[in-house]
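Have a look at the structure below, then the notes.
The values are calculated or read from the model by the stated rules, or taken from the named source; none is laboratory data. As the structure is a prediction and not an experimental result, all values here were calculated from the model. Note: ideal-geometry Cβ built from the backbone for every residue, glycine included; neighbour counts use all protein chains shown.
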Amino acid sequence: MLEKKRYIDLHRELHESPRRFTGLSLREWIEEIDQLMITHDCKNILDYGCGKARFWPAHWLEKIQGYDPAVENFSEEPRPADMVVCTDVMEHIPESSVDDILKHINSLSNKWIFFVIDTKKAIKKFKNGENCHVTIKPPIWWQTKLNEFCTRHTVHFQI
């Protein structure tokens, strides 16, 4: 629990900059998410780890909620949603918390989960010099975790 809080605090420090964690990583996946929402009959979205959520498309605004424990405006416990979107988030979670976070994400998804997970070090560093990607694992490691905790999902790996 202390490790999780420490990483949330480190992310809060980075969120002080208006140019950090804006939610940009979501933008390139919007078309695919829209298609998955049709395929799985999803009516609403939870953007889990949304950052500042500056790149939500206009057609999502009435059906989306954001959650990010490091951003005050989005730090309240989210409500379940048909589609949970989690882009460029899991690699920021300490390995000791990955299972619990995946269980949490799964508990919030009524129908489908969309992941994008980076498998390499980030360019960004915390103010203390640590790399922002704290759990760097190969796709097979992540796929095993996802299959165990989130059976209804689509995943893309940034390699």
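Here are the numbers for this structure:
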{"item": "Identity of the residue in the range 70-87, in a loop (DSSP other than H, G, I, E, B) and modelled with pLDDT of 95 or more, that ends up surrounded by the fewest Cβ atoms within 10 Å (Cβ to Cβ)", "result": "Glu77"}
{"item": "Test: Arg54 is touching a Ser or Thr at 6+ places or on another chain (Cβ under 9 Å), surrounded by fewer than 16 Cβ atoms within 10 Å (Cβ to Cβ) and of a type in the set (D, E, K, R)", "result": "yes"}
{"item": "Search result, residues across the range 109-134 that are within 15 Å of Leu146 (Cβ to Cβ) and either of a type outside the set (Gly, Ala, Ser) or assigned to a helix (DSSP H, G or I) (or both)", "result": "Trp112, Ile113, Phe114, Phe115, Val116, Ile117, Asp118, Thr119"}
{"item": "Among (1) in a helix (DSSP H, G or I); (2) in contact with a Lys or Arg (Cβ under 9 Å, 6 or more places away or on another chain) - the single one Asn147 does not satisfy", "result": "(2)"}
{"item": "The listed residue being closer than 20 Å to Arg27 by Cβ, exposed (fewer than 15 other Cβ atoms within 10 Å of the Cβ) and charged (D, E, K, R), out of Lys103, Lys124", "result": "Lys124"}
{"item": "Val98 being closer than 22 Å to Gln158 by Cβ and surrounded by 21 or more Cβ atoms within 10 Å (Cβ to Cβ)", "result": "no"}
{"item": "Members of the range 79-100 found to be among the β-branched types (Val, Ile, Thr) and under 10 Å from the mean Cα position of the chain (by Cα), listed by number", "result": "Val84, Val85, Thr87, Val89, Ile93"}
{"item": "Filtered residues of the range 28-65 (kept if within 23 Å of Ile93 (Cα to Cα) and without any contact (Cβ under 8 Å) to a residue 12 or more places away in the chain)", "result": "Glu28"}
{"item": "Some residue of the range 24-42 being outside any helix (DSSP H, G or I), farther than 27 Å from Ile140 by Cα and of a type in the set (A, V, I, L, M, F, W, C)", "result": "yes"}
{"item": "Restricting the range 127-159 to residues that are surrounded by 16 or more Cβ atoms within 10 Å (Cβ to Cβ) and in contact (Cβ under 8 Å) with a residue 60 or more places away in the chain, the residue that is nearest to Lys4 (Cα to Cα)", "result": "Val134"}
